[in-house]
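See below for the structure under consideration.
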Amino acid sequence: MIVSRPAGSAHRGLGEWILQRLTAIYIAGYVVVLALHWIIAPVADYDGWRQWTGAVSVRVSATLFFVSVVIHAWIGMRSVYMDYLHTLWLRLAVVIATAVMLAGLLTWALAVVWGAGA
Amino acid sequence: MKFRIYRYNPQTDAKPYLQDFELEDGHGAVMLLDALLLIKRQDDSLSFRRSCREGVCGSDAMNINGRNGLACITPLHTLAEPVTLRPLPGMPVIRDLIVDLSQFYRQYREVRPWLINDDPEPEIERLQTPEERARLDGLYECILCACCSTACPSFWWNPDRFLGPAALLQAWRFLADSRDQATGMRLDALEDPYRLFRCHTIMNCTDVCPKGLNPSGAIGHIRQMLLKRVL
């Protein structure tokens, strides 16, 4: 029989919940603004792309975008693991693997955004 | 009218099975519970809970054609045949349509579903304005039938740690009560990745509630209250 564990409250969870929503808003806004920008002012050629991606505003907004995606994915994936993975060592292993993967992806994305032409 | 009913007697059956029953035309039953009582005359080993037969006690909650509801207030003419009846999902079955709700009640108790007020007890009653009283509408009507919590996947996966929609609706019922003085303590007890934040707002609870209540909305109010506390 299942027994509830009245371990009390962990006094957290709200922060993740707020971050999940804030990052979602930024991701959605960024994608829409970017799409509109490309429709209104299409980038013509290689030099145009170099110039556009070299702008600090583009790099900062892209950095915020990738950071948001990683935070959003981290909270979301952890939530999925909390729902479905009930074996502690397995969950811990998967959580660590996810963290390493997301950190790698973020490093890669930032290297791309801040790399060439800087 | 054809019925397929989940049968399981742990003392004699190796595993559960679905048994077919049929009621002749002109049986006279209007609600599903009436039909169940007629079927029980055919086979008195069929077990289910019922009491008030008018949607007030919450005893005859079951899974009706894949959807949780109360047999006593479900009209037969709304149901597709064969009417398939199963116990509430995700709960240990005691026998046939009867499930063990201990876990559900334990989570209910966790939210301290009573008024906490340390002031001296007044001569007659603790007064509220009509507006304050109106905030409890849609909350106090819960009959604890467990239709919502047992329709919630988060409650299926973590019934021991997620409080479930029914308990959270009651948590909000006392947070919303102007006479209650334990708001801080209640919020502290709710702020937890499992207890409250396992809810992913899929709204199965609001969809199935036979009393038309909105546990999903109540959970949203609790989150807003937590948010206001830190902003």
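Here are some notes:
- Complete set of residues in the stretch B:94-114 that are among the β-branched types (Val, Ile, Thr) and either within 13 Å of B:THR150 (Cα to Cα) or open to solvent by less than 40 Å² (accessible area, probe 1.4 Å) (or both): B:ILE98, B:VAL99, B:VAL111
- Residue within the stretch B:52-62 that is over 14 Å from B:ILE5 (Cβ atoms), in a helix (DSSP H, G or I) and in contact with a Lys or Arg (Cβ under 9 Å, 6 or more places away or on another chain) present: no
- Within the stretch B:154-173, the set of residues being free of Cβ contacts under 8 Å to residues at least 60 places away in the same chain and open to solvent by 20 Å² or more (accessible area, probe 1.4 Å) comprises B:TRP157, B:ASP160, B:ARG161, B:TRP172.
- Any hit, the stretch A:54-70, residues being modelled with pLDDT under 95, within 19 Å of A:TRP108 (Cα to Cα) and open to solvent by 80 Å² or more (accessible area, probe 1.4 Å): yes
- Looking across B:CYS205, B:CYS209, one residue alone is under 12 Å from the mean Cα position of the chain (by Cα) and either facing chain A (nearest Cβ under 9 Å) or open to solvent by 20 Å² or more (accessible area, probe 1.4 Å) (or both). It is B:CYS209.
- The lone exception for A:GLU16 - which of (1) out of contact with any Pro (no Cβ under 8 Å at 6 or more places or on another chain); (2) surrounded by 15 or more Cβ atoms within 10 Å (Cβ to Cβ) it fails: (1)
- Residue pairs whose Cβ atoms lie under 6 Å apart, sitting 6 or more positions apart in sequence or on different chains, and linking a residue in the stretch B:174-189 that is under 11 Å from B:ARG112 (Cβ atoms) and within 14 Å of another protein chain (Cβ to nearest Cβ) to a partner that is surrounded by 15 or more Cβ atoms within 10 Å (Cβ to Cβ) and of a type in the set (Ser, Thr, Tyr), are B:ALA189/A:SER9.
- Residues located in the stretch B:59-78, provided they are of a type outside the set (Val, Ile, Thr) and open to solvent by 30 Å² or more (accessible area, probe 1.4 Å): B:SER59, B:ASN65, B:GLY66, B:ARG67, B:PRO75, B:HIS77
- Yes/no for B:LEU136 being farther than 25 Å from B:ASN63 by Cβ and either at pLDDT 95 or above or surrounded by 15 or more Cβ atoms within 10 Å (Cβ to Cβ) (or both): yes
- When the stretch B:25-58 is filtered for residues that are open to solvent by 40 Å² or more (accessible area, probe 1.4 Å) and either in contact (Cβ under 8 Å) with a residue 60 or more places away in the chain or of a type in the set (Phe, Trp, Tyr) (or both), the ones remaining, listed by number, are B:VAL56, B:CYS57.
The values are calculated or read from the model by the stated rules, or taken from the named source; none is laboratory data. Note that the structure is predicted; figures quoted are calculated from it, not measured. Because the Cβ atoms are built from the backbone with ideal geometry, glycine has one as well, and the counts that use them run over all protein chains shown. Each accessible area value is taken on the protein alone, full model and side chains, heavy atoms only, with ligands, DNA and RNA left out. Shrake-Rupley method; radii C 1.70, N 1.55, O 1.52, S 1.80 Å.
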